[in-house]
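Colleague: Dropping a structure here in structure tokens format, bear with me for questions.
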Amino acid sequence: MMIRRNKTKLILTSFVILIPIIIGMILWNQLPDTIATHWGINNEPDGYSSKAFAVFALPLLLFAVHWICVFATKLDPKIKNINHKMFSIVLWICPAISIVMNTMVYLIALGKEIRFVSGVIIFMGLLFIIIGNYLPKCRQSYTMGIKLPWTLNDEENWNKTHRMTGALWVIGGIVICATAIFESFIIFFSIVVVMMIVPTVYSYLHYKRKK
């Protein structure tokens, strides 16, 4: 039912994921034969791929991930609990990654001055802010939300954990965006680890108190 209701959106998001392939083919003769596709913590490229791989591989990989997530959602026993707006946000994650990442890869390949690491960190920070705003509205499911034994077995635990996590992720997303100027994946991942550990500990402590 969820997939049928979002059929148009699924077609649109799938098309958007593949747009970088069309752009890459248009720019084909302008792109170098070897393109930087991975950057180190010093904002310097440390991984290169063929032009064909850079143009086709990432969009197609994200296309596959996109549909795996869709079918996983369809098989969720608690699919009726999935929030419609949250599902829409999830549908747009892979398209956003495809457009943002490939745009930066192409621009850098064409000789433009782009701070790739900063761009990735800011993008992820904004993503956490958006998801954090909708997390408190998530109801229990096996595909969306903080899926822990204690949250899945106790609706009160689920709701409290998601309210707290939503606020934490919004704050964490803002901090991630603010620290993007340091261009450090170490700082980024440290913040993300805290954002993952705190909800887990909070949920477990709530479970222990209630038990």
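The values are calculated or read from the model by the stated rules, or taken from the named source; none is laboratory data. Small disclaimer: the values here were computed from a predicted structure and weren't measured. Counting neighbours? That spans all protein chains shown, and the Cβs are built from the backbone with ideal geometry, glycine included.
Colleague: Could you figure out which of (1) outside the structural domain of Ser50 (by TED's automatic domain parsing); (2) over 30 Å from Thr37 (Cβ atoms); (3) of a type in the set (S, T, N, Q); (4) buried (at least 16 other Cβ atoms within 10 Å of the Cβ) isn't true of Thr143?
Modeller: All conditions pass for Thr143, except number (2).
Colleague: Checking the conditions here, which among Ala109, Ala64 is touching a Leu at 6+ places or on another chain (Cβ under 6 Å) and of a type outside the set (Val, Ile, Thr)? Working first, answer last.
Modeller: Values: Ala64 fails: touching a Leu at 6+ places or on another chain (Cβ under 6 Å).
One residue alone meets the criteria, Ala109.
Colleague: In the stretch 24-41, which residues are part of a loop (DSSP other than H, G, I, E, B) and within 20 Å of Val117 (Cα to Cα)?
Modeller: Step one: list which residues in the stretch 24-41 are part of a loop (DSSP other than H, G, I, E, B), which gives 27-33, 40-41.
Correct list: Gly40, Ile41.
Colleague: A further question follows. Could you say whether any residue in the stretch 60-69 is more than 24 Å from Met144 (Cβ to Cβ), in contact (Cβ under 8 Å) with a residue 24 or more places away in the chain and outside the structural domain of Cys138 (by TED's automatic domain parsing)?
Modeller: Checking the stretch 60-69: at least one residue is more than 24 Å from Met144 (Cβ to Cβ), in contact (Cβ under 8 Å) with a residue 24 or more places away in the chain and outside the structural domain of Cys138 (by TED's automatic domain parsing).
Colleague: From the list Ile181, Ile186, Ile197, Ile174, which one is aliphatic (A, V, I, L, M), free of Cβ contacts under 8 Å to residues at least 24 places away in the same chain, surrounded by fewer than 20 Cβ atoms within 10 Å (Cβ to Cβ) and over 25 Å from Ile79 (Cβ atoms)?
Modeller: On inspection, the qualifying residue turns out to be Ile197.
Colleague: Within the set of pairs 6 or more residues apart or between chains, which connect a residue that is without any contact (Cβ under 8 Å) to a residue 40 or more places away in the chain inside the stretch 79-106 to a residue that is among the aromatic types (Phe, Trp, Tyr) with Cβ atoms less than 6 Å apart?
Modeller: Val100/Phe123; Met104/Phe116
Colleague: Next question, about the same structure. Checking the condition crowded, with 17+ Cβ neighbours inside 10 Å and not assigned by TED's automatic domain parsing to the domain that holds Leu18, which residue from Met124, Met101 passes?
Modeller: Sole residue among the options that is crowded, with 17+ Cβ neighbours inside 10 Å and not assigned by TED's automatic domain parsing to the domain that holds Leu18: Met124.
Colleague: Provide a single number: the residues in the stretch 21-66 that are among the small types (Gly, Ala, Ser), crowded, with 16+ Cβ neighbours inside 10 Å and in contact with a Ser or Thr (Cβ under 6 Å, 6 or more places away or on another chain).
Modeller: Residues in the stretch 21-66 being among the small types (Gly, Ala, Ser), crowded, with 16+ Cβ neighbours inside 10 Å and in contact with a Ser or Thr (Cβ under 6 Å, 6 or more places away or on another chain): 2 in total.
Colleague: Looking only at the stretch 104-121, count every residue that is surrounded by 19 or more Cβ atoms within 10 Å (Cβ to Cβ) and not in a helix (DSSP H, G or I) and tell me the total.
Modeller: 0
Colleague: Looking only at the stretch 157-171, how many residues end up being of a type in the set (Val, Ile, Thr) and either surrounded by fewer than 19 Cβ atoms within 10 Å (Cβ to Cβ) or at pLDDT below 95 (or both)?
Modeller: Going through the stretch 157-171 one residue at a time, the tally reaches 2.
Colleague: Here is a follow-up. Among the candidates Phe63, Phe53, Phe87, Phe71, single out the residue that is more than 30 Å from Ser184 (Cβ to Cβ), modelled with pLDDT of 90 or more and not in a loop (DSSP other than H, G, I, E, B). First the steps, then the outcome.
Modeller: On the way: Phe53 fails: more than 30 Å from Ser184 (Cβ to Cβ); Phe87 fails: modelled with pLDDT of 90 or more; Phe71 fails: modelled with pLDDT of 90 or more.
Result: Phe63 is the single residue among Phe63, Phe53, Phe87, Phe71 that is more than 30 Å from Ser184 (Cβ to Cβ), modelled with pLDDT of 90 or more and not in a loop (DSSP other than H, G, I, E, B).
Colleague: Evaluate the stretch 86-102: report whether one residue or more is over 16 Å from the mean Cα position of the chain (by Cα) and on the phi < 0 side of the Ramachandran plot.
Modeller: no
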